[in-house]
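The values are calculated or read from the model by the stated rules, or taken from the named source; none is laboratory data. This is a predicted model, so every value here is computed, not measured. Glycine also receives a Cβ, built like all others from the backbone with ideal geometry; neighbour counts cover every protein chain displayed.
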Amino acid sequence: MSSGSLATPVSLRDSHCPSCFLLRVNPVGSFLCHLLGDNPQKWRPLLSVYYLTYACSLRCPYCCDGSGRPYYQLDRKALPASRIGELLRIVRRHSEHLVVTGGEPSEHPECAAVLDDLAALRFRSVILTTNGRTLDTLLPAVQRSVTHLVVSLQTLDSARADSWYGHGAGTHARVLANLERAAALPGRRFEIILSSVVTPENIPDLHEVYRFAKACGFRLAACPQLVGTKAHAGLVDNPEYRAFYDLLISEKRRGGSIQGTVDYLEYLRDLRKFSCRPFTMLVVSPVGEVFYPCLELGQSAGNLLDEPDLHRLRRAGCERFGPQPACDNRCHSACALGFSRLLANPASMLHEAALVARSWLA
Ligand code: SF4
Ligand code: SF4
């Protein structure tokens with residue numbers, strides 16, 4: 001497909017849909033379409049997530065998918081870079097923003113080539129998540145194609161981190177050295193975000209991680225440890241956990257670089273039930289399977305390489321698995337909770353807008 005055709009996503013060709021006018025006018029229109037309500041015949045993701053590979057050499061004790069299995073135990077089948085290019089061209093027709101994740105993306109043998117190919121697809125943002133261990137090998141490709149580099153960090157204590165990573169002494173030191181290398185890259189064009197899993201064991205460490213993020217000019221994204229789809233039982237009604245989010249909320253109100261709106265952070269702090277909007281996301285497995293309606297439920301609506309029309313895939317998923325489920329209190333993650341709360345409380349974005357304006361004026 002030529003880059004010219006990317007300017008006209010397939011979903012925009014349906015002239016009978018009044019909301020498609022909004023999509024043509026502005027990508028913000030996509031958000032407005034979701035605000036107006038969910039059309040069960042259509043699938044218009046605000047963000048796509050591609051699991052490049054489930055492989056990972058680390059053994060973090062908190063690693064877990066929606067069914068409770070660590071990612072590194074899932075099927076390691078992956079596509080070659082040429083097929084991934086094909087797949088991501090299809091994803092691009094449906095979405096302006098892409099997350100490349102895993103497992104550990106850098107463990108895909110052609111990760112650098114995949115990132116290089118992304119530049120031509122001109123996503124508005126490309127977010128790469130990594131444990132950072134072999135980040136040095138990817139930095140040239142990251143500089144070319146990635147807008148947000150997300151590095152996982154749970155503590156600054158190397159001995160503790162290495163015991164969690166299960167990959168031998170020196171792993172954490174290597175992650176920190178790679179972070180420093182990424183931050184110091186001449187002409188760096190990507191933002192660095194530290195992503196921390198909040199577990200019952202590492203809350204004191206995370207205060208230090210936040211101070212480190214602040215000192216280095218990184219953003220902090222903190223999410224509770226999920227066991228399957230539920231927050232770890234040791235976090236529920238845990239005063240240390242609440243106090244940590246209270247700190248993040250007060251820092252956020254003061255303009256701190258913390259991922260998510262105040263409303264979102266309050267939901268994380270309280271582990272409050274929310275109405276999930278899974279069709280704001282498109283989540284694709286390493287081989288191209290589209291999760292319906294979400295990764296957490298582990299159901300596939302079909303393969304995007306066989307059926308590139310996402311609206312049809314949604315209808316196929318609905319026939320096999322039923323409409324969007326009404327879930328219980330679960331999935332307090334950036335993906336499920338983030339867009340769901342923005343749609344439930346769009347006014348919460350005003351504070352974000354004010355912070356951006358303040359940083360421009362500073
Ligand atoms: S780095 Fe990520 S994918 Fe790898 S074991 Fe840890 S949590 Fe799992
Ligand atoms: S809460 Fe959302 S992400 Fe979680 S299982 Fe339900 S639909 Fe999926």
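Observations, loosely collected:
- Residue in region 276-284 that is within 16 Å of ligand 1 (Cβ to nearest atom), surrounded by 21 or more Cβ atoms within 10 Å (Cβ to Cβ) and within 29 Å of Ala55 (Cβ to Cβ) present: yes
- Cβ separations smaller than 6 Å between residues 6+ apart or across chains give the following pairs from region 322-335 residues that are over 15 Å from Phe279 (Cα atoms) and away from ligand 1 (no atom under 16 Å from the Cβ) to residues that are modelled with pLDDT of 95 or more and basic (Lys, Arg): Asn329/Lys273; Arg330/Lys230.
- Candidates Val150, Val99, filtered to the one that is within 16 Å of ligand 2 (Cβ to nearest atom), under 19 Å from the mean Cα position of the chain (by Cα) and crowded, with 20+ Cβ neighbours inside 10 Å: Val99
- Scan of region 27-44 for residues that are surrounded by 13 or more Cβ atoms within 10 Å (Cβ to Cβ) and at positive phi, ordered by number: none
- Scan region 123-146 for residues that are farther than 17 Å from Gly102 by Cβ and in a strand (DSSP E or B) and the total you get is 1.
Conditions (1) under 23 Å from the mean Cα position of the chain (by Cα); (2) closer than 28 Å to Arg124 by Cβ; (3) away from ligand 1 (no atom under 16 Å from the Cβ); (4) crowded, with 19+ Cβ neighbours inside 10 Å, marked per residue:
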{"residue": "Ala159", "(1), (2), (3), (4)": "no, no, yes, no"}
{"residue": "Ser163", "(1), (2), (3), (4)": "no, no, no, no"}
{"residue": "His167", "(1), (2), (3), (4)": "no, no, no, no"}
{"residue": "Ala184", "(1), (2), (3), (4)": "no, yes, yes, no"}
{"residue": "Val209", "(1), (2), (3), (4)": "yes, no, no, yes"}
{"residue": "Arg219", "(1), (2), (3), (4)": "yes, yes, yes, no"}
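- Test: residue in region 121-136 that is in contact (Cβ under 8 Å) with a residue 40 or more places away in the chain, polar (S, T, N, Q) and more than 22 Å from Arg76 (Cβ to Cβ): no
- Taken together, the residues in region 302-322 that are of a type outside the set (D, E, K, R) and either touching a strand residue (DSSP E or B) at 6+ places or on another chain (Cβ under 9 Å) or within 11 Å of ligand 2 (Cβ to nearest atom) (or both) amount to 9.
- Hey, Ala120 closer than 23 Å to Cys294 by Cα, away from ligand 2 (no atom under 16 Å from the Cβ) and either outside any loop (DSSP other than H, G, I, E, B) or of a type in the set (Gly, Ala, Ser) (or both) or not: no
Yes/no per residue for (1) in contact with a helix residue (DSSP H, G or I) (Cβ under 9 Å, 6 or more places away or on another chain); (2) assigned to a helix (DSSP H, G or I):
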position	(1), (2)
Gln154	yes, no
Val175	yes, yes
Asn178	yes, yes
Arg181	yes, yes
Glu208	no, yes
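Every residue, every condition in (1) modelled with pLDDT of 95 or more; (2) within 15 Å of ligand 2 (Cβ to nearest atom); (3) part of a loop (DSSP other than H, G, I, E, B), yes or no:
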{"site": "Cys33", "(1), (2), (3)": "no, no, no"}
{"site": "Lys42", "(1), (2), (3)": "no, no, yes"}
{"site": "Val49", "(1), (2), (3)": "yes, yes, no"}
{"site": "Arg59", "(1), (2), (3)": "yes, no, yes"}
{"site": "Tyr62", "(1), (2), (3)": "yes, no, yes"}
{"site": "Tyr72", "(1), (2), (3)": "yes, no, no"}
{"site": "Ala78", "(1), (2), (3)": "yes, no, yes"}
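- Scanning region 306-328 for residues that are out of contact with any Cys (no Cβ under 7 Å at 6 or more places or on another chain), modelled with pLDDT under 95 and crowded, with 16+ Cβ neighbours inside 10 Å turns up at least one hit.
- Restricted to region 271-301, and to residues there that are hydroxyl-bearing (Ser, Thr, Tyr) and away from ligand 2 (no atom under 13 Å from the Cβ), the residue that is nearest to the chain's Cα centre (by Cα) is Ser285.
- Checked against the criteria, Arg341 counts as assigned to a helix (DSSP H, G or I), surrounded by 22 or more Cβ atoms within 10 Å (Cβ to Cβ) and out of contact with any strand residue (DSSP E or B) (no Cβ under 7 Å at 6 or more places or on another chain).
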